[in-house]
């Protein structure tokens, strides 16, 4: 079994499954969600999104056994890790998005959770802008997939496709399209999740596949 799957399977009994209440609701996003939905990608970490800042606080408490006493807190966010003296990073990024964020390394695999609040008027909230996979619009669309003994909440591939297209992740986008064509997809969600130019590309992509 892949290392990230083993880590995820071991963490679920500790952190518990997502529930409907926003202060405990979470979902898997990023490459782990892509892989859990049948795409041939190899996740480098496990990314979780929280519906409410309270869910991040809850995770911090539950992950205490994996939290070192202290870490060197680099100004480079990519190197930041949770520690008992500073378990969470809270504040805006360069785009004005406000983060509650925590990160651990569990048996060599990075595990991250974030709640990200967009400022008023952020483009993901406008009609035609698509759905960002780390944005607040994902929650009505969460799907559940089985992994081992657990049924896990994931952001749908339709939404991930839009994010991959915006980020220029062409190989991952192509793999997602192939899986959507093979397994089926929600056309209404595609229309919401993709910008118009990306929707046209998706339709051409689907037609070109054998």
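Quick note: the coordinates plus some simple rules give every number you see, no bench work behind them. Owing to the predicted nature of the structure, the values given are computational and were not obtained by experimental measurement. Note that we place each Cβ from the backbone using ideal geometry, even for glycine, and neighbour counts take in every protein chain shown.
Going by C-beta contacts inside 10 Å, put 67, 163 in order with the fewest on the left.
Arranged by neighbour count, lowest to highest, 67, 163 become 67, 163.
Spin-label model, residue 204/residue 105: points 7 Å from Cα along the beta carbon direction are separated by 4.3 nm.
As a rough footprinting exposure proxy, the listed residues 164, 71, 39 were ranked by other beta carbons within 10 Å of their own, and the order from fewest upward is 71, 39, 164. Computed over the chain, relative contact order equals 19 percent, with contacts defined as Cα pairs under 8 Å that lie 6+ residues apart. Compared with the dominant Cα axis of the chain, that is its longest principal axis, helix 157-167 is turned about 90°. Placing one identical point scatterer on every Cα of the chain and ignoring solvent, what is log10 I(q)/I(0) from the Debye formula at q = 0.11, 0.17 Å⁻¹? Listed by q, the Debye log ratios stand at -0.53, -1.24.
In deg cm²/dmol, rounded to 500, what helix-only [θ] at 222 nm does the chain give when every DSSP H run of at least 4 residues adds -39500 (n - 2.57) and the total is split over its residues?
Roughly -10500 deg cm²/dmol at 222 nm, from the helical runs in the chain.
Taking other Cβ atoms within 10 Å as a rough exposure proxy, 144, 57 sort from fewest to most as 144, 57.
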